[in-house]
Amino acid sequence: MDKRILQVQGLVFTLQAIATLADLVAVRGFRMQAGSLTNEYKVRMTKLHSTAAPDIPNWRGWLAIVFLGIGAFTIVTTELAPIGLLSAIARDIGRSEASVGLTVTLYAWIGAFSALLSAFALGRLPRKPLLIGLMLCLALSNGAATVAGSFGMLLSARACGAIAHGLFWAVIAASAAQIAPPRHVGLATSIVFGGVSAASVLGVPLATLIGQESGWRVAFGAIGVLSLIVALVMVPVLPGLKQEEAQDGRAALAGVLRRADLWGIYVATAFAVTGHFAAFTFIEPFLREAPGLQASLVIALLFSFGAAGLAANFVTGIFIDRYLRSFLMLALCMLSLALIILGYWRDSLGVTGITAMLVMWGAAISAIFVGFQTWILRTAGTAAMPASAVYVAIFNAAIGTGAMVGAWVLSSSGFPAVMIVAGLGGVVSILVTASIGRPALALQPGLSQ
């Protein structure tokens, strides 16, 4: 036991050292460039907000951001709903659960492609009708899934929803940043990503419950109705949002892909998300194999994971605008530590220890999602939409890659190795983040624009 304690302490000290080293590497340059970073960020955000909606009441702006978060809740629930309905769908359409799992994997890859497509197809479109149209497309996709009579029809319905998914995510963060005051971009992003955590905590379990009680088709129908309601509410709530200028999609995307400052964030995101989904894809069977853990506790533990992520969104919203880099580094350390401990010592942690690691993991990944997206928005400035499109494409590709990596490690080395490899992905993300310069500073109330 003493040896294990020393090993855990060694991991803690190692990760703390990495985070400290990252701060020390950047501190000298940060002190010299803080003023220029602030001025650069002010110029970027002034341009971004120069074509925002006309003057609207502050409450309406935040209400619009909240409904963007509800839209995120709906679209993520749509993406992940089949996970809890695999058995029911497989029985109904006469396919194996592995085959039905393609409805999630295919969704992620098509979403990645459509996010890149947005840089070419959506640059000149006003965002309000675009967002409403995408929510209506999502409603139609879920409706088509409800009446699908074959596996091919179900895949086609899911593919249509995946296209809307990628386009939606490429636009939503930039839209929230445009509506919010410049100094509160991080808070707006955390509200939007709160919909992601809420989908894990409430959306997927509710879809599963509806599927168990009334059938999987009713579950998809309920998500479709919610999508339609969100689209209708967006009509009076969302302000009119336009692009800052008509840009050639290929030129804008090429400009983003040439920027080394953005690529550092993309690579760090890819490693963190791949590691997370390599482990999270197999979290349910991993927990069921834990000694002394009753099957009835698995749902409660997964709820704790999602609830921690939802709570972390609120905490992240408080600190992210002032302490983006430090907060993100802390979250990456927590993610890596939790995964590695689960991989090495799951069988001796007990219920309390496993719960603590899942809470740490859930809170960390939520902050990581918000942190990297906020960093992209601060750095991209007026190129927020094509930069977000690339980010979403990489994010969705990392989901599919993580699931494949996890499956490969699982088949060769077992569940504990999956967690350890996933944790090492987080460590690589820490090192990459340490090599990037600090993000541009958020405007504070006392600064002029």
From most to least accessible, 1.4 Å probe, no ligand or DNA/RNA atoms counted, 92, 261 line up as 92, 261
When the chain is fully extended, how far beyond the present Cα-Cα distance does residue 150 get from residue 91, taking 0.36 nm per residue of separation? 20.1 nm
Under 17 Å from a point placed 7 Å out from the Cα of residue 288 along the Cα-to-Cβ direction: which residues of segment 399-440 have their backbone N that close? 407, 410-411, 414-416
Which whole-number value in Å³ per residue fits the convex hull of the alpha carbons of segment 225-360? 193 Å³
Segment 124-235: translational diffusion in µm²/s, Stokes-Einstein, Kirkwood Rh over Cα pairs, 4 °C, 1.567 mPa s: 86 µm²/s
Short version: ³J(HN,Hα) in whole Hz for each residue of segment 134-139, in order, from phi by Karplus 6.51 cos²θ - 1.76 cosθ + 1.60 (θ = phi - 60°), x for Gly and Pro, what are they? 5, 5, 5, 4, 5, 4
Any chance you could run the full-extension gain for residue 431 through residue 254? It's 0.36 nm times the residue separation minus the Cα-Cα distance, nm to one decimal. 61.1 nm
Using a 1.4 Å probe, what is the accessible area per residue for segment 333-379, in Å²? 23 Å²
State whether segment 320-425 is rounded, prolate or oblate according to the following rule on the C-alpha gyration tensor (a ≥ b ≥ c being the square roots of its eigenvalues): a/c under 1.5 gives rounded; otherwise a/b larger than b/c gives prolate, and the remaining case gives oblate. oblate
Please calculate the 1.4 Å probe accessible area of residue 87, with all protein chains present, and give it to the nearest 10 Å². 50 Å²
Net length gained if the chain between residue 63 and residue 214 were fully extended (0.36 nm per residue, minus Cα distance): 51.0 nm
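The values are calculated or read from the model by the stated rules, or taken from the named source; none is laboratory data. Quantities reported herein were computed from a predicted structural model and do not represent experimental measurements. Every residue, glycine as well, gets a Cβ built from its backbone with ideal geometry; the counts of neighbours run over all protein chains shown. For the accessible areas, the whole protein counts, side chains as well, though only heavy atoms, and no ligand, DNA or RNA atoms are used. Shrake-Rupley method; radii C 1.70, N 1.55, O 1.52, S 1.80 Å.
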